[in-house]
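Encoded as structure tokens, the structure appears first; notes follow it.
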Amino acid sequence: MFNFIKKFFAKEEIKEEKIELNGLISWLDNKAKPLFENLNKDINQIINKINNEKEKVFENLKKLEIAKLQNPKIPERVKTIMEGNRAAFIKKVSFFFNNTDLKYNNYNEILEKCNNIENEVEALGRATAKSYQVLNEFFAREAEHIAANIKNIENYSKDIKTSIKNSKISDINKIKEDIAGLENKIKLKENYSKELEDKKKYFENLKNKKIGLENKINEIKLSEDYKNYERLLEEMAKIESEIKDIENTLFHDFSVLERALKKYSKVAFEDGDLVISYLSSPVKALMTDNDLKIIKILSYLEKNIVDNKLELDAKKSEKTLLKIKELDKNYFTNLQKNYKNYKNKISELKLLIENNKTKSELDNYNKELNDIKLNIENLNSSILNINSELEKINIEKLKENLQEKANEITSTKITIL
């Protein structure tokens, strides 16, 4: 007996249904069909009430049109005002009801029409306020009946909106939107996964290429040709250092002479330009001074200092004269000769380096290696971004949320496959 009572009061267990995602909308429509049928029935019943109300309002308008004055002895001017307001009121109300159409193809359309009715009723009230006030003085009963018809139409319109709102239609439409969103997310995840797979394959290919290039570069660096190339570079670096020493030496020596030479350039009319060129760039001037005119200039400079024609102080004069003694013909000849030889040697070495097969190969491999490293870096960044986007797409969680909403609205228990 107890088991029977327990079974009687036990809640019936809902059987679980397993549904493919692509069949969920069809299943939902089938489950929601009774809801739609009931809603359509409610809406149609209310529309019938509205149509009945329309018939009543036209009857009441006819009664208003033929209604006689209880006091026919009112002044003609007042009668004219009344007739004008009656005609205007009947015309505006008739126009409103003649244009009230509630045929619909979907719920959005009927909702829009109901909203329009409410707005138009409000507009009609403003447009007929004065006429209604006048008619209320003469035909109060007829005017009130028509006002009641209009109010009923407005209320019925609100009833339709309430029925749609309470029917869970919006919830069902939201679930359909969620289904479409889930399908898009699944497709997006598939695209991301395919893109990620392709990029990982490409990433591995680039890594293998990088290893291959690094091995080739290491092989080249171990070759005898590369050792010769390095020796050329070392020799060029040594000669460049020698050239730099000559440039520094000349710069330093002419820095000591600078003040005296500037004063002398103002009185050395014939050699003024040459003096200026030595002050500006001693090395460049020496390389173009094939006759070594600088030696003669320095001898004139020495004589001018000794004769105190340049008005240098004693300390500066002594220091300048000592430097002039150092800068003899042998000094300039050796510097000029060595600098030109070094420059020629640099040109020869550059040519040998440029024509070195090892250098050309190494440059090409290094360029290709740098390009691959850049591609790997960009590709790695792209892979991280795709992984980040994939982590944001939780298909199972989206399915669970969708299942909960569908179960709640349809009072079922489904599992989306």
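Give the aspartates and glutamates reachable from residue 200 as a straight Cα distance under 13 Å; neighbours fewer than 8 places away on the same chain don't count.
Answer for residue 200, where 13 Å is the Cα cut-off: 377, listed by chain and number.
Where in the stretch 138-176 is the amide nitrogen less than 18 Å from a point lying 7 Å along the Cα-to-Cβ axis of residue 37?
Counting only backbone N, you get 167-169.
Using Cβ counts within 10 Å as a stand-in for footprinting exposure, how do 307, 271, 245 rank, fewest first? Each step should come with its number before you reach the end.
Working: 307 8, 271 17, 245 12.
By the 10 Å Cβ count, ascending: 307, 245, 271.
Among the GluC sites (Glu not before Pro) in the stretch 225-278, which ones are in a DSSP loop with at most 16 other Cβ atoms within 10 Å of the Cβ? Mind listing them? Don't skip to the answer; put the middle values down first.
Details: sites: 230, 234, 235, 240, 242, 247, 258, 270; in loops: 270.
For GluC sites (Glu not before Pro) across the stretch 225-278 that sit outside H, G, I, E and B with at most 16 neighbouring Cβ atoms in 10 Å, the list reads 270.
Treat each spin label as a single point 7 Å out from the Cα along the C-beta direction, and report the residue 331 to residue 186 distance in nm.
Going from the residue 331 label point to the residue 186 one covers 9.3 nm.
Identify which of 21, 196, 301 has the largest mean-square fluctuation in a Gaussian network model of the chain, with springs joining Cα atoms closer than 10 Å.
Among 21, 196, 301, the largest GNM mean-square fluctuation belongs to 301.
Order of 42-51, 97-106 by packing, highest average Cβ count within 10 Å first? Present the calculation step by step, with values, prior to reporting the outcome.
Details: 42-51: 16.4, 97-106: 12.8.
My ranking of the peptides, most packed first, is 42-51, 97-106.
I need 55, 195 ordered by Cβ neighbour count within 10 Å, fewest first. Don't skip to the end; give the middle numbers.
Working: 55 11, 195 15.
Least crowded to most crowded, the residues run 55, 195.
Starting from the amide H of residue 413, placed 1.01 Å from N in the peptide plane, find each other amide H under 5 Å away whose residue is 5 or more places distant or on another chain.
Under 5 Å from the amide H of residue 413 lie the amide H atoms of 17, each far enough along the sequence or on another chain.
If you compute volume of the Cα convex hull per residue in Å³ for the structure shown, which of (1) 147; (2) 488; (3) 235 do you land on?
Read-out taken from this structure: (2).
As I understand it, the value is the acute angle between the Cα axis of helix 357-392 and the longest principal axis of the Cα atoms of the chain; what does it come to in degrees, rounded to 10?
20
What's the ranking of 144-150, 67-73, 287-293 by average number of surrounding C-beta atoms within 10 Å, highest first? Before the final figure, lay out the partial values.
Numbers: 144-150: 18.1, 67-73: 8.7, 287-293: 12.0.
Ranked from most to least packed, the peptides come out as 144-150, 287-293, 67-73.
Which entries in the list 187/399; 201/221; 263/337; 284/340; 266/316 go over 21 Å, if you measure between the two C-alpha atoms of each? Mind showing how you got there, number by number?
Values: 187/399 14 Å; 201/221 30 Å; 263/337 29 Å; 284/340 11 Å; 266/316 18 Å.
Checking Cα-Cα distances, 201/221; 263/337 exceed 21 Å.
Determine the shape class of the stretch 265-390: with a ≥ b ≥ c the square roots of the Cα gyration tensor eigenvalues, call it rounded for a/c under 1.5, and otherwise prolate if a/b is greater than b/c, oblate otherwise. Provide the component values of the computation, followed by the final result.
Working: a/c = 4.99, a/b = 2.66, b/c = 1.88.
Prolate shape, in that a/c is at least 1.5 and a/b is the bigger ratio.
In nm, what is the difference between 0.36 nm times the number of residues separating residue 290 and residue 233 and their Cα-Cα distance?
17.4 nm
Round to the nearest 0.05 the FRET efficiency obtained for residue 281 and residue 210 when R0 = 35 Å and r is the Cβ-Cβ distance. Please list the in-between numbers first.
Details: r = 47 Å, r/R0 = 1.35.
Efficiency computed from Cβ-Cβ geometry: 0.15.
Measuring from label point to label point, each 7 Å out along Cα→Cβ, what is the residue 80 to residue 388 span in nm?
Roughly 8.3 nm, to one decimal.
Computed FRET efficiency, Cβ-Cβ of residue 374 and residue 218, R0 25 Å: what is it to the nearest 0.05? Before the final figure, lay out the partial values.
On the way: r = 21 Å, r/R0 = 0.83.
Efficiency, rounded to the nearest 0.05: 0.75.
Out of 25, 60, 105, whose Cα points farthest toward the positive end of the dipole of the stretch 24-167 (charges: +1 Lys, Arg; -1 Asp, Glu; placed on Cβ)?
Value: 60.
Extending each Cα 7 Å along its Cβ direction at residue 62 and residue 242, get the distance between those two points in nm, one decimal.
12.8
Grab the Cα-Cα distance for residue 322 and residue 48, subtract it from 0.36 nm times how many residues apart they are, and report the gain in nm with one decimal. Please list the in-between numbers first.
Working: separation 274, 0.36 × 274 = 98.64 nm, distance 12.60 nm.
Value of the extension gain: 86.0 nm.
Using a Förster distance of 60 Å, how high is the FRET efficiency between residue 353 and residue 401, based on the Cβ-Cβ distance and rounded to 0.05?
Once the sixth-power term is evaluated, E becomes 0.30.
Once you've got the GNM for the chain with C-alpha springs shorter than 10 Å, pick whichever of 158, 337, 201 has the biggest mean-square fluctuation.
Ranking 158, 337, 201 by mean-square fluctuation puts 337 first.
How big is the Rg/Rh ratio for the stretch 24-167, C-alpha atoms only, Rh by Kirkwood, two decimals?
Values: Rg = 19.5 Å, Rh = 17.1 Å.
In the stretch 24-167, Rg relative to Rh is 1.15.
Packing-wise, with mean Cβ within 10 Å as the measure, how do 25-32, 326-333 rank, highest first? Before the final figure, lay out the partial values.
Numbers: 25-32: 15.2, 326-333: 12.4.
Ranked by mean Cβ neighbours within 10 Å, highest first: 25-32, 326-333.
Assign unit charges at the C-beta atoms only (+1 for Lys and Arg, -1 for Asp and Glu), then state the dipole size of the chain relative to its Cα centre in Debye, rounded to the nearest 20.
Values: 77 positive and 72 negative charges, 288 e Å.
Here the chain has a charge dipole of around 1380 debye.
Quick one: Cα centre-to-centre distance for the stretch 343-395 and the stretch 230-269, in angstrom?
Taking the Cα centre of each part, the stretch 343-395 and the stretch 230-269 sit 40 Å apart.
FYI, it's all coordinate maths here, none of it is from the lab. Keep in mind that what you see is a predicted model, and the values were worked out from it rather than measured. So basically every Cβ, Gly included, is an ideal-geometry build from the backbone, and we count neighbours across all protein chains shown.
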